[in-house]
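Q: Please read through the structure below; I'll follow up with questions.
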Protein chains: 2
Amino acid sequence: MSATIPEGYGHLLELPIYAHLGTVRPDGQPQVNPMWFEFDGEHLLFTHTTKRAKYRNLHSNPRMSLSLLDPREPFRYLEVRGTLVGETPDPEGEFYVRLGRRYGIADTRPPADRADRVILRMSVESFTKQ
Amino acid sequence: MSATIPEGYGHLLELPIYAHLGTVRPDGQPQVNPMWFEFDGEHLLFTHTTKRAKYRNLHSNPRMSLSLLDPREPFRYLEVRGTLVGETPDPEGEFYVRLGRRYGIADTRPPADRADRVILRMSVESFTKQ
């Protein structure tokens, strides 16, 4: 990881927050979608499919930003900026299931589109916060 | 307004949700920040200052996208895509105060940076949802 997590904001990378991921469409329009995530201490990991717009956006422009609102203090947030640095097939949806459980959905099952599932790995290059 | 609000999603434009606004930085990196908003039936309105990165982003690329997560059902969200179509000075911070009260902060006062405050007006061009 090339950036230091701002002091007092680390919990936002640990909590199961519905984060909002920004990507850029090929026509230059930003796109923002809520996402589950997991932080492994170095990268941010997402479950995604190869069939959606976000995936095509990232293959056109790999830059990504993630906005995390503090659920306890909505005036505080952390924005993480980075790049898509890796993707791993998840054809059984195992990572999807792990994320679903992390988000409190104990009975998460592999999704119908698991054959197209991938784990996206985002670098952590810089932070902004309030 | 050039787009029809998807049926069953209109409440997301009315509730005081902390929405996440995507813009694009001049270097092509997306930026996402939580924002207060108000929907006037035609445009989305935000309070902002002329001194921040988002403002500079929008003067470089006026396209904007707003992600609204349903607080009652986190699998549902609405994304609004549009463009910055207007901005109005708010030098007394009156719109800031109105938004703060809409978000449940009854004692909202004009902010210290009110001299730089503007009301940003975003067109509603298309929706995506889940």
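Q: Leaving ligands, DNA and RNA out of it, report the carbon-plus-sulfur percent of the accessible area of the range A:1-110 at a 1.4 Å probe.
A: Roughly 50 percent, rounded to a whole number.
Q: If you don't mind, there's one more thing I want to ask. Give the calculated FRET efficiency between A:D113 and B:L15 to the nearest 0.05, with a Förster radius of 30 Å applied to their Cβ-Cβ distance.
A: About 0.50, to the nearest 0.05.
Q: Turning to a different aspect of this structure: Using a label point 7 Å beyond Cα on the Cα-Cβ vector, give me the inter-copy distances for A:F75 in nanometres, one decimal, shortest first.
A: Between copies, matching label points for A:F75 lie 3.7 nm apart.
Q: For chain A, what does the relative contact order come out to in percent, with C-alpha contacts under 8 Å and a separation of six or more?
A: Relative contact order comes out at 30 percent.
Q: Please say if the protein assembly as shown is rounded, prolate or oblate, where rounded means a/c under 1.5 for a ≥ b ≥ c the square roots of the C-alpha gyration tensor eigenvalues, and otherwise the choice is prolate for a/b larger than b/c and oblate otherwise?
A: Since a/c reaches 1.5 and a/b is larger than b/c, the shape of the protein assembly as shown is classed as prolate.
Q: Which value, in Å², gives the accessible area per residue of the protein assembly as shown when a 1.4 Å probe is used on the protein heavy atoms?
A: So the protein assembly as shown comes to 45 Å² accessible per residue, rounded to a whole number.
Q: Between A:T49 and B:F75, with labels modelled 7 Å along Cα→Cβ, what's the label distance in nm to one decimal, could you check?
A: Roughly 1.3 nm, to one decimal.
Q: Between A:E92 and B:A3, how high is the FRET efficiency from 1/(1 + (r/R0)^6) when r is the Cβ-Cβ distance and R₀ = 45 Å? Nearest 0.05.
A: It comes to 0.75.
Q: For the range B:42-130, treating each Cα as an identical point scatterer without solvent, what Debye log10 I(q)/I(0) comes out at q = 0.11, 0.21 1/Å?
A: For the range B:42-130 at q = 0.11, 0.21 Å⁻¹, log10 I(q)/I(0) is -0.36, -1.08.
Q: Straight-line reach only, C-alpha to C-alpha below 19 angstrom: list the lysines that B:K51 could link to, leaving out same-chain residues fewer than 8 apart.
A: Straight-line reach from B:K51, under 19 Å: A:K129.
The values are calculated or read from the model by the stated rules, or taken from the named source; none is laboratory data. Treat the numbers as computed from the prediction; the structure is a model and nothing was measured. Positions of Cβ are backbone-derived with ideal geometry, glycine not excepted, and every protein chain shown enters the neighbour counts. Side chains are part of the model used for accessible areas, which takes the heavy atoms of the whole protein and leaves out ligands, DNA and RNA. Shrake-Rupley method; radii C 1.70, N 1.55, O 1.52, S 1.80 Å.
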